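The values are calculated or read from the model by the stated rules, or taken from the named source; none is laboratory data. On a predicted model such as this, the values are computed, not experimentally measured, just so you know. Because the Cβ atoms are built from the backbone with ideal geometry, glycine has one as well, and the counts that use them run over all protein chains shown. Protein only, heavy atoms only, side chains kept; ligands, DNA and RNA dropped before computing areas. Shrake-Rupley method; radii C 1.70, N 1.55, O 1.52, S 1.80 Å.
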Amino acid sequence: MQDLRAEGFKMAERRQGLDFSHCLLVMRMLARFHAASVVLHDRDLETMSLYDKSAFSDPEMQEGIQKFVSGTFRTVVKAVQTWPGFADRYAGKLDALADSMLDRIIQVTQRDDTAFNVLIHGDLWVNNILFRYSDGPVDVRFVDFQIPHFTSPAIDLQYFFSTSPCEDVRENHLDSLMKEYHNTLCECLNAMGYSHKHITLEDLWKEYNNKALYGLFGACCVLPIVLADKGFDIDAILKSGIGEEIEVVNGDTYKKALQRMLPKFEENGVFLSGEISSTHEFQNA
């Protein structure tokens, strides 16, 4: 195994959130990773057969994930019930999702074979990203590839943006970062001789908004862990369902972040019941 610490790579401060320069490196690396998987799949369809299913669909993991997701959502609901202007509007909607959220996650992460698909990292949050510094971040590496899945690139994007940037980036620089991701993706696909239709920036945004439910999952279930004073044993959480004990949801930092995100999630229909649908014009093959 390569020792990235010996090469100067280390974690960023998770509770501060990644600033624009950190996020820019992440977008470029993510786009290169995604592009390579598209070309690999185009050359040999079987290369992605091992990543056909999401970890959320694994029967051995579902009980623990269900406890964690429903428990964390209910903890968030208790916090939201104390927020003037948000209690009446969102507490009931979040509570209604607590038990059905896992089924909806499985649905939203399911691959559409007519769409533009990539091999996603699957768990792209600040603790799984290492940076090398020289008067600022100059290089980046991803680690912990335990739950990759061949599906929409928007899953990685939603998860990262809901869990890892600082508030300034999330509020003011999302457009620039999406453009950087898209430009790098297209440049890499061209450089590797990919001759099929690329996803346009407009359609990438449509796909991103269509996967907003996954961003809500990140905001309610992962962001509290990111902002917590002490680390959490994720394996223990999945086994015991201690999501209800995550107290950071009562803090001002989490409150400010979620209050800014909830209206955007609502705009993209995450609180609507029924099937999540979208139209696509892309094919990887």
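Of the listed requirements (1) under 22 Å from Ile106 (Cβ atoms); (2) touching a strand residue (DSSP E or B) at 6+ places or on another chain (Cβ under 7 Å), Val38 misses just one: (1).
Considering only the stretch 69-104, state which residues are among the hydroxyl-bearing types (Ser, Thr, Tyr) and either over 15 Å from Tyr214 (Cα atoms) or open to solvent by 20 Å² or more (accessible area, probe 1.4 Å) (or both). Hits for the stretch 69-104 are Thr75, Thr82, Tyr90, Ser100. A single member of Gln2, Gln66, Gln16 is buried (at least 16 other Cβ atoms within 10 Å of the Cβ) and out of contact with any Lys or Arg (no Cβ under 7 Å at 6 or more places or on another chain), and it is Gln66.
Of the residues making up the stretch 139-153, just one is within 22 Å of Met178 (Cβ to Cβ) and free of Cβ contacts under 8 Å to residues at least 60 places away in the same chain, namely Ser152. Confirm whether Asp58 is surrounded by fewer than 15 Cβ atoms within 10 Å (Cβ to Cβ), closer than 21 Å to Tyr214 by Cβ and touching a residue at least 24 places away in the same chain (Cβ under 8 Å). It is false that Asp58 is surrounded by fewer than 15 Cβ atoms within 10 Å (Cβ to Cβ), closer than 21 Å to Tyr214 by Cβ and touching a residue at least 24 places away in the same chain (Cβ under 8 Å).
Out of all the residues in the stretch 174-205, which are among the hydroxyl-bearing types (Ser, Thr, Tyr), at pLDDT 95 or above and under 12 Å from Val39 (Cα atoms)? Listed by number, the list holds a single entry, Tyr194. Checking each residue in the stretch 1-17 for being small (Gly, Ala, Ser) and more than 20 Å from Ala228 (Cβ to Cβ) picks out Ala6, Gly8.
Report, by residue number, each residue of the stretch 1-39 that is touching a residue at least 12 places away in the same chain (Cβ under 8 Å), more than 30 Å from Ala257 (Cα to Cα) and part of a helix (DSSP H, G or I).
Within the stretch 1-39, Leu4, Glu7, Ala35, Ala36, Ser37, Val38, Val39 meet the criteria.
Quick one: is Phe9 out of contact with any strand residue (DSSP E or B) (no Cβ under 6 Å at 6 or more places or on another chain) and surrounded by 14 or more Cβ atoms within 10 Å (Cβ to Cβ)? It is false that Phe9 is out of contact with any strand residue (DSSP E or B) (no Cβ under 6 Å at 6 or more places or on another chain) and surrounded by 14 or more Cβ atoms within 10 Å (Cβ to Cβ).
The rows are residues; the columns are (1) open to solvent by 60 Å² or more (accessible area, probe 1.4 Å); (2) of a type outside the set (Phe, Trp, Tyr); (3) more than 26 Å from Leu258 (Cα to Cα).
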site: Asp175; (1), (2), (3): yes, yes, no
site: His182; (1), (2), (3): no, yes, yes
site: Ile199; (1), (2), (3): no, yes, yes
site: Asn209; (1), (2), (3): no, yes, no
site: Leu213; (1), (2), (3): no, yes, no
site: Leu216; (1), (2), (3): no, yes, no
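Filtered by the rule that a residue be part of a helix (DSSP H, G or I) and open to solvent by less than 20 Å² (accessible area, probe 1.4 Å), the stretch 40-55 gives a lone residue, Met48. For the stretch 107-141, a residue qualifies if it is crowded, with 18+ Cβ neighbours inside 10 Å, within 19 Å of Leu25 (Cα to Cα) and of a type in the set (Phe, Trp, Tyr), and the qualifying residues are Trp125, Phe131. I need the full set of residues from the stretch 19-28 which are open to solvent by 40 Å² or more (accessible area, probe 1.4 Å) and either of a type outside the set (Asp, Glu) or modelled with pLDDT under 95 (or both), in order please. Phe20, Ser21, Arg28, listed by residue number.
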